[in-house]
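I have placed the structure first, in the form of structure tokens, so that the comments after it can refer back to it.
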Amino acid sequence: MKSDTPGALRQAASLGLLLALVLGGRHVGIALPPAMGAVLGLGLMLVAGDLAADLVERVGLPHLTGYLLSGLVVGPHVLALVDEPAVHALAPVNTLALALIALSAGAELTWSLLSEGARSLLCSVGAQLLLVLPGSILALLAMRPLVPFLAALPLAGAVGVTLIWGVVAVSRSPSATLGVLAQLKPDGPLTRYTLGVVIAFDLVVLFLFAIAKNVAAILTDPGASFSFAVLHDLGVGLLGSVACGTTLGLLVALYLRVVGRELLLFLLIVSYGATGLADYFHFESLLLFIVAGFVVANISRQGERLLEAVAAGGRFIYVVFFALAGAHLDLPVLAKLWPVALGLVLVRAGLTVGSAKLGSRWANDTPLIRKYGWMPLISQAGVTIGMAVSIGQEFPSFGDALAAMVIAVVGLNEAVGPVLFKWALDKTGETGKAARTHGGLTAPAAPAPAQPG
Amino acid sequence: MTSVLPLVVLAALATLITFMLERGGRTGYGWVAGSEFVLVGIAIGPLGLDLLSSELVTAVQPAVALTVAWLGLRLGLRFRPTTLRALGARLRVACVLEPVITLLLLRGLLEVLVRKGAFELSGPTAWVIAAVGSATTKSATQWARDKLRARGGVLDVLDTLSTLDDAVLVVAAGVLTPWLAPTGPARHVAVALGATLGLGAALAVLAALLLGRGALRTDIGWVVLLGVCALCTGLATQLGLSPVACAGVAGGLVGMFSRHADALEQLTRTTERPAVQVLLFLGGAALHQGYVALILGVTVAVLRGLAKLGGGYLGSRLLHPPARRADLGAGLLGAGGVAFAVATSIAAQLSTRQGELVLASAVAMTLLGDWVGAPALRGLLVRAENIPPLAREVPS
């Protein structure tokens with residue numbers, strides 16, 4: 001924790017100067033078209049996010065909290081310096097960030113990591129599914145009278161909606177995990193356990209979410225019937241994502257070995273190109289990139305090079321991703337739904353603690369994992385927000401309301417999760433213990449040579 | 001995503017073409033200023049196969065504006081007080097005088113053409129074209145060093161001239177952009193220049209603070225530079241100022257006063273050529289009004305060559321031998337880089353027809369700069385004995 005007051009004041013003054021510049025420009029200048037507003041918004045989020053990250057670090061909070069706060073403050077619901085159309089126009093930047101995070105997450109999953117922690121990982125995922133999924137469903141059903149859109153549905157429909165919520169509650173945040181790891185450069189049992197569990201959850205949730213949506217569609221629409229064609233489509237989508245990800249991983253490994261230069265440009269092309277392909281074929285882009293990263297790290301010897309290339313843009317990726325997540329937070333909705341959202345957050349947290357401890361006991365984990373293993377599992381961010389968007393699009397009758405509630409819950413988990421994870425890493429003494437000087441999004445790029453004068 | 005994907009595919013195609021042109025990627029060059037990207041753009045754009053919709057070209061304009069500002073920032077980062085002081089007064093004056101003379105000569109020649117009724121060119125457009133023509137791409141001298149293994153006094157002077165004459169172009173952009181802005185609070189030149197300096201300075205202060213005093217971390221360096229560049233682009237556009245000039249000021253101040261200036265310059269060095277290549281590609285693809293604009297462009301490029309020869313001759317009068325040569329201007333014919341970026345940026349502000357004329361001129365100057373300028377530079381360096389005899393056989 002830094003403690004020099006002049007430094008903090010200087011940073012606060014800089015943040016003030018930045019906001020004054022943008023507010024002044026808005027007052028004096030012409031209105032910008034959305035795309036140009038997005039460029040300004042990008043600059044504002046990058047600089048404000050970086051300044052805010054340094055400021056919150058002084059009070060012991062992780063950088064992600066600073067990024068989120070900056071996005072929230074400059075976003076559409078507070079100062080509105082970055083308005084809704086500009087936030088929408090920045091979607092391609094978010095796509096890039098998500099692709100690189102997933103690629104890096106996959107490259108972090110090595111065979112050794114998986115085989116060493118296989119028992120731990122399986123027990124943790126099993127316990128979470130056994131407790132958090134049904135527990136969250138029952139909790140929301142119990143709160144039904146407090147949730148207007150749920151109270152209006154018949155019991156079967158309400159069960160369908162709560163089923164979706166149950167899967168959403170199980171989802172974790174690889175991006176928040178990697179973001180905290182990037183800042184703290186930790187290494188140790190908790191770090192390895194978290195990496196494996198969080199990324200594994202991502203894969204499980206993708207599958208469960210597709211099934212839950214289908215079942216909910218049947219339960220909420222009496223005219224609908226269950227069709228195995230949906231499972232077929234789901235299977236094709238997942239297998240296609242794995243196949244496409246494997247091919248992409250091999251191509252990336254080949255490029256790294258044969259050409260090995262202009263890596264950032266290459267990753268940019270790969271990210272947008274593969275996301276476009278995934279959209280076209282209805283594949284899961286997140287799964288595709290995780291598989292690609294996994295293939296590069298485990299089938300070739302280019303894993304470290306890939307991680308190094310992604311690390312060069314590490315900070316940029318996190319600032320943009322989390323500042324945009326902050327800008328997406330709908331404060332009016334949060335203000336309206338906070339009692340229910342808070343209740344759901346507390347129930348989810350309680351169930352997560354219980355299931356993590358149960359999983360650790362089954363796996364016979366070390367005392368440190370038993371004590372702190374639940375803390376990295378609280379965060380929710382990009383994947384869950386993506387699920388909320390999908391719910392809003394696919395269920396016209398209740399989707400928007402459920403999505404708003406999910407986003408309210410994510411907002412609270414986003415604020416608390418990274419702080420808890422950082423605290424756990426500090427407590428276990430793993431912070432700053434990474435042996436690598438470079439690599440992926442979990443460790444910052446090596447410093448450039450310092451120049452005198 | 002739908003608009004980004006084809007652009008990414010086209011950019012990948014263009015990169016592949018360069019890779020093939022540079023014979024396996026060992027030399028780091030395609031053509032000297034990357035003008036093959038212009039040709040690919042023309043081939044794919046409305047004048048060729050028409051594969052690129054005008055909506056797509058319009059959709060990527062903000063990214064283009066950001067790229068232009070990035071080049072301005074890069075340009076600013078190159079300036080160092082110590083380097084400038086070491087040049088000597090005569091060379092410093094020559095660095096300003098040569099592009100200014102070229103600009104005025106080219107503007108005069110264009111005025112003659114317009115008065116003769118050869119072309120319809122508005123006054124502001126003619127000034128923009130003259131400003132764009134005044135700058136020499138640094139790629140030419142870099143190419144001579146890397147590929148021709150040229151070394152010597154004349155090359156050093158040409159290198160300095162081509163680096164510093166961009167400053168004149170950036171100042172011109174700083175004046176011309178607000179002048180051309182249909183609305184905007186800073187239409188008076190003095191106010192516009194003051195606002196550009198103020199905004200650039202404020203952003204440079206922010207950058208310095210974020211970069212900190214310790215060793216520079218590359219990831220933070222990227223965030224700060226990209227953030228400042230995007231802020232320059234957005235705020236300058238909002239205020240009717242030139243993003244490239246604003247970014248140039250911010251970069252210049254960081255370059256002059258930050259302890260990290262050299263590290264930042266080194267960090268971003270490899271981005272310059274790809275950024276220019278994307279602009280060249282989109283510049284070629286944006287041409288759509290037919291061959292009249294290209295004919296004007298070629299005429300302007302020829303006139304620019306003459307103006308450069310004149311500017312180089314007069315500028316060299318200030319210098320000591322061996323740089324004091326009548327044919328010094330022959331080494332300054334290369335075009336592209338920041339000049340092309342400024343042309344792209346200002347063309348977007350003008351009416352479609354006038355913007356097309358500016359772009360066509362920039363395209364023709366870049367092509368002629370590669371086709372004529374590179375051999376002319378080589379010839380000059382051979383005459384000045386700046387190229388070792390064995391390297392003279394290397395094809396240009």
**Study point:** Residues whose placed amide H lies under 5 Å from that of A:K185, excluding near-sequence neighbours
**Key:** A:G432
Study note, to complete from the structure: Put in order of increasing Cβ neighbours within 10 Å, starting from the fewest, A:F281, A:F209, B:F37 give A:F281, A:F209, B:F37
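Per residue of the protein assembly as shown, what 222 nm ellipticity follows from adding -39500 (n - 2.57) for every DSSP H run with n ≥ 4, rounded to the nearest 500?
Helices in the protein assembly as shown give a 222 nm mean residue ellipticity of -24500 deg cm²/dmol.
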Check your understanding: Which of rounded, prolate, oblate describes region A:63-104, given a ≥ b ≥ c as roots of the alpha-carbon gyration tensor eigenvalues and a/c under 1.5 marking rounded, otherwise prolate only if a/b is larger than b/c?
Key -> oblate
Point to revise | 10 Å Cβ neighbours from other chains, averaged over peptide A:45-53 | key: 5
Practice item. With no solvent and one equal point scatterer placed on each C-alpha of chain A, evaluate the Debye formula and give log10 I(q)/I(0) for q = 0.07, 0.09 Å⁻¹, two decimals. Key: -0.34, -0.58
Review point. Can you give the charge dipole size of region A:5-89 about its Cα centre, rounded to the nearest 20 debye, using +1 on the beta carbon of Lys and Arg and -1 on the beta carbon of Asp and Glu?
Key: 160
Revision key, fill the gap. Mean other chain Cβ within 10 Å across A:378-389 is 0
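Could you work out Rg/(2.2 N^0.38 Å) for region A:5-89, with Rg from alpha carbons only?
1.10
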Revision key, fill the gap. The farthest towards the positive end of the charge dipole of the protein assembly as shown, of the residues B:A275, B:V154, A:V39, given +1 on Cβ of Lys and Arg and -1 on Cβ of Asp and Glu, is B:V154
Review point. Out of B:L303, B:A343, B:L91, whose Cα points farthest toward the positive end of the dipole of region B:4-385 (charges: +1 Lys, Arg; -1 Asp, Glu; placed on Cβ)?
Key: B:L91
**Study point:** Charged-residue dipole, Cβ positions (Lys, Arg, Asp, Glu), the protein assembly as shown about Cα centre, Debye nearest 20
**Key:** 2080
Point to revise | Normalised convex hull volume, the protein assembly as shown, alpha-carbon set, Å³ per residue | key: 162
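Where in chain B are the helices, taken as whole DSSP H runs, whose Cα atoms extend 20 angstrom or more along the long axis and whose Kyte-Doolittle mean reaches at least -1.0?
Numbers: long enough: B:4-21 (25 Å, 2.61); B:61-77 (24 Å, 1.22); B:89-115 (39 Å, 1.41); B:153-180 (40 Å, 1.32); B:189-211 (32 Å, 2.41); B:218-239 (31 Å, 1.52); B:243-257 (21 Å, 1.72); B:272-286 (21 Å, 0.94); B:291-316 (37 Å, 1.33); B:352-368 (24 Å, 0.99).
Both cut-offs are met by B:4-21, B:61-77, B:89-115, B:153-180, B:189-211, B:218-239, B:243-257, B:272-286, B:291-316, B:352-368.
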Practice item. May I ask which residue of B:L357, A:L114, B:V175 lies farthest towards the positive end of the charge dipole of the protein assembly as shown, with charges of +1 (Lys, Arg) and -1 (Asp, Glu) on Cβ and the Cα centre as origin? Key: B:V175
Exercise for review: Sort B:F257, A:F421, A:F316 so that the residue with the fewest other Cβ atoms within 10 Å of its own Cβ comes first and the one with the most comes last.
Suggested key: B:F257, A:F316, A:F421
**Study point:** For region B:161-247, radius of gyration divided by Kirkwood radius, i.e. Rg to Rh on alpha-carbons
**Key:** 1.04
Check your understanding: What ranking, highest mean first, results for peptides A:250-257, B:38-45, B:127-134 when packing means the other Cβ atoms within 10 Å averaged over each residue?
Key -> B:127-134, B:38-45, A:250-257
Review point. Dimensions of chain B along principal axes (Cα, Å, largest first)?
Key: 54, 52, 47
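Efficiency by 1/(1 + (r/R0)^6): what FRET value for A:V59 and A:A31, r their Cβ-Cβ distance, R0 = 30 Å, to the nearest 0.05?
Step by step, r from the Cβ atoms, then E = 0.20.
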Exercise for review: Go ahead and run the numbers for FRET between A:E116 and B:R115, Cβ-Cβ distance against an R0 of 56 Å, rounding to 0.05.
Suggested key: 0.10
Check your understanding: What average number of partner chain Cβ atoms lie no more than 10 Å from the Cβ of the residues making up A:24-32?
Key -> 6
Exercise for review: Using a Förster distance of 35 angstrom, determine the FRET efficiency expected from the C-beta separation of A:K427 and A:L9, and round it to 0.05.
Suggested key: 0.70
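Read-outs: derived from the displayed coordinates by stated rules, not from any lab. All values reported here derive from a predicted model rather than from experimental measurement. Note that we place each Cβ from the backbone using ideal geometry, even for glycine, and neighbour counts take in every protein chain shown.
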